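Enquirer: Just passing along the structure, written as structure tokens.
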Amino acid sequence: MTADDAPSKSIDSDEPETAAADERIYHLDGELVPASEATVSVDDRGFRYGDGAFETLRAYGGQLYEWGAHADRLEATCDAIDLAHGLSRTELRQRIEATLAANDLVDAYVRLSITRGVQPGKLTPQPVTDPTVVVMVKPLPRGGLEGKPVWDGPATLQTVKRRRIPDDALPADAKTHNYLNGILARTELHDADEALVRDLEGYVAEGATSNVFFVDEEGLHTPTTETDVLPGITRRVVLDLARKAGIPTHEGWYRPIDVRQADEVFLTNTTWEVRPVATVDAIDLEGEYGDDDTTDGPPVTTLLAKLYDERVERRCYSD
Ligand code: PMP
């Protein structure tokens, strides 16, 4: 699996620490199978070349949160890499729901992967006749309201030398099996939780598996999707919530110094939801918070996290 989204207590891990994997049931090419039997060929192009698309989703209260947005992004990824898998979104959704039901899960981490499968020949892709389609699920309790976030505390962020692969080289809005860019960014970290990755021109792009936001006197800022950034679904939801709450929002081109000098910084992704940041490049943020019980935390981040939780509640837990 990719280093995507860390639902465990460790930000470096990408999966919740849960029951043994072989107790779970996965969905592989149309069949529900025990996880230990969910294997793919070493000739699979997803293994050989990272030639596949995936989505990380959450189920809250049995509902697939933002399914439409995830299905749209998966479709965009498949279009970008010319992977015509032939499955309808209804069918994909049914496979996810069947997997959740087979594991008796309502609050879960869900990963849906589609690769070009095993094909004759080498690098040049052939029309897809037999894609590999996998659904993996793991228990993941909700973070908000009565729940506990998947992370232990505010994140530490470090600017890394590794740059974001430019869109001209690999479509930035495609969520493919190839996560080496993020992996290499993470290997540079010294005692930091997440990498602050810049584009080739030095503008802030995103984290290794997250989008970056900061707050200053002008309002809420996040790198524009015109930079090389994955258009995160959590990012879009948070921007929408901020606008509705009357917080001025700005999507632009920023330098690490803008993030370092901000009053508040936070990261978003599907599993972390809204994760506050305490330090950037080992520098405490101006609007420092955290250990001191007398402070209520960074106000805008705290408000947006609450609004996010309430949205999850409305969409997934209300009758
Ligand atoms: N950027 C990258 C590189 C990511 O891997 C992720 C996680 N999918 C995100 C941003 C956040 O996206 P989302 O909010 O859709 O999880």
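The values are calculated or read from the model by the stated rules, or taken from the named source; none is laboratory data. Nothing here was measured: the structure is a model prediction, and the numbers come from that model. Here the Cβ positions follow ideal geometry from the backbone for every residue, glycine too, while neighbour counts run over all protein chains shown.
Enquirer: Can you tell me which of (1) closer than 16 Å to Thr129 by Cα; (2) of a type outside the set (D, E, K, R); (3) crowded, with 20+ Cβ neighbours inside 10 Å is the one Ser41 doesn't meet?
Expert: Every condition holds for Ser41 apart from (3).
Enquirer: Could you pull out the residue among Glu206, Glu201 that is among the charged types (D, E, K, R) and buried (at least 24 other Cβ atoms within 10 Å of the Cβ)?
Expert: Exactly one of Glu206, Glu201 is among the charged types (D, E, K, R) and buried (at least 24 other Cβ atoms within 10 Å of the Cβ), namely Glu206.
Enquirer: Would you say Glu75 is more than 19 Å from the chain's Cα centre (by Cα) and of a type outside the set (A, V, I, L, M, F, W, C)?
Expert: no
Enquirer: Using the structure shown, decide if Asp193 is outside the structural domain of Glu66 (by TED's automatic domain parsing) and of a type in the set (D, E, K, R).
Expert: So Asp193 fits the description; yes.
Enquirer: If you don't mind, there's one more thing I want to ask. Tell me, which residue of the range 225-260 that is over 22 Å from Ala71 (Cα atoms) and of a type in the set (S, T, N, Q) is farthest from the ligand (Cβ to nearest atom)?
Expert: Ranking the qualifying residues of the range 225-260, first place goes to Thr249.
Enquirer: Hey, another quick one. Output the residues belonging to the range 136-157 that are outside any strand (DSSP E or B), of a type in the set (A, V, I, L, M, F, W, C) and touching a Gly at 6+ places or on another chain (Cβ under 8 Å).
Expert: Val150
Enquirer: I'm trying to understand the selection: among the residues of the range 170-207, which are under 18 Å from Trp272 (Cβ atoms), within 13 Å of the ligand (Cβ to nearest atom) and assigned to a loop (DSSP other than H, G, I, E, B)?
Expert: Lys175, Tyr179, Gly207
Enquirer: In the range 162-198, which residues are small (Gly, Ala, Ser) and surrounded by fewer than 17 Cβ atoms within 10 Å (Cβ to Cβ)? Write out each step before concluding.
Expert: At the first step, the residues of the range 162-198 found to be small (Gly, Ala, Ser) are 169, 172, 174, 182, 185, 192, 195.
The one that is small (Gly, Ala, Ser) and surrounded by fewer than 17 Cβ atoms within 10 Å (Cβ to Cβ): Ala169.
Enquirer: Can you tell me how many residues within the range 124-135 are touching a helix residue (DSSP H, G or I) at 6+ places or on another chain (Cβ under 7 Å) and exposed (fewer than 11 other Cβ atoms within 10 Å of the Cβ)?
Expert: Counting residues in the range 124-135 that are touching a helix residue (DSSP H, G or I) at 6+ places or on another chain (Cβ under 7 Å) and exposed (fewer than 11 other Cβ atoms within 10 Å of the Cβ) gives 0.
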